[in-house]
1. Could you give the angle, 0 to 90 degrees to the nearest 10, between helix 169-178's Cα long axis and the longest principal axis of the Cα atoms of the chain?
2. Step through the residues of region 210-224 one at a time and calculate ³J(HN,Hα) from phi using the Karplus curve (6.51 cos²θ - 1.76 cosθ + 1.60, θ = phi - 60°), rounding each to whole Hz and writing x for Gly and Pro.
3. At a 10 angstrom cut-off on C-beta neighbours, averaged per residue, how do the peptides 70-83, 45-58 rank from highest to lowest?
4. Collect residues whose amide H, placed 1.01 Å from N in the peptide plane, falls under 5 Å from the amide H of Thr43; neighbours closer than 5 in sequence don't count.
5. Go from 0 up to the bin containing the longest alpha carbon distance in region 7-136, width 5 Å each, and give me the % of pairs per bin.
6. As I understand it, the value is the acute angle between the Cα axis of helix 117-127 and the longest principal axis of the Cα atoms of the chain; what does it come to in degrees, rounded to 10?
7. How would Ser236, Ser214 line up from fewest to most surrounding beta-carbon atoms within 10 angstrom?
8. Among Ile162, Ile106, which comes first, then next, by fewest other beta-carbon atoms within 10 Å?
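Please treat every number below as a calculation from the coordinates, not as lab data. No experiment lies behind these values; they were computed from the predicted model shown. Reconstructed Cβ throughout: ideal geometry from the backbone, glycine too, with neighbour counts over all protein chains shown.
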Amino acid sequence: MTTNGGKNGKGSLYGIGVGPGDPELLTIKAQRTLQAAAVICFTQLDDGKESYALSVVRDLLEAAEPEFLAITIPSDDNTPINPETWSDAANDIAGHLRHGRDVAFITEGDPMLYSEFYHVLDGVKAMVPDLDVEVVPGVSSVMAAAASSGMPLVTHGQRLTILPKVYGIDDLREAITNSDTTVLMEVDRDLLEALANLESLGLTGKTTYVRQASTSRENVVEDISKLSAEDLDYFSLLIIKR
């Protein structure tokens, strides 16, 4: 098992983006850091399925044999995450760091874009003074989807809006009206129904759906009226060109 120990004998905390799903899109720095870390931390849905982020990097970790630290969160989007989940995770991570073990918190895409890494970071910092923290960027699903669709998100002088989900029809209308390109993440049936109510914006033929960009399940659909419930996937998004 890997052991570390850096500043003052404490371990370092890394937030590492593992990209959209294709292991070959993992950066060299991310791979090197992961293979050297004593502990790999990740969020795990309570539905029993393997962590998506962990599935991307698991093959890279076989020789290193790190310890795995799972943070279990609800699979139901309507069930809020208990704040104690993050505080307990921060406590577990802090314990490893105090014993001089580096911890790598892996996230889908990039740690700086809608990731869980920052739900625990402040708590860990409070428990481990003078903590060394480093963020290793990853390829976001937004950029991977743009590449798969062959569609540039914006060109010089244009405006881009990225929304994690629909907060209301008025918010969606405002975002689309005021942006040259709007990216909507976490596509579900409610989102598609909301878009159907926005036909007055002239979105027909200007909306592209991308499911699991960069993976074997990737699917690019330019006519969203043909999407079925089976096509929808949590790891998907819509690119809307105004």
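1. Once rounded, the angle reads 80 degrees.
2. With the stated coefficients, region 210-224 comes to 10, 9, 6, 4, 6, 10, 5, 9, 4, 8, 10, 10, 8, 10, 5 Hz.
3. Per-residue mean Cβ counts within 10 Å order the peptides as 45-58, 70-83.
4. When sequence neighbours closer than 5 places are left aside, the close amide H contacts are Ile71.
5. Histogram of Cα-Cα distances, whole percents per bin: 2, 11, 22, 25, 21, 13, 6, 1, 0.
6. Tilt relative to the chain: about 30 degrees.
7. On the way: Ser236 25, Ser214 22.
Least to most surrounded, the residues fall as Ser214, Ser236.
8. The order, fewest Cβ neighbours first, is Ile162, Ile106.
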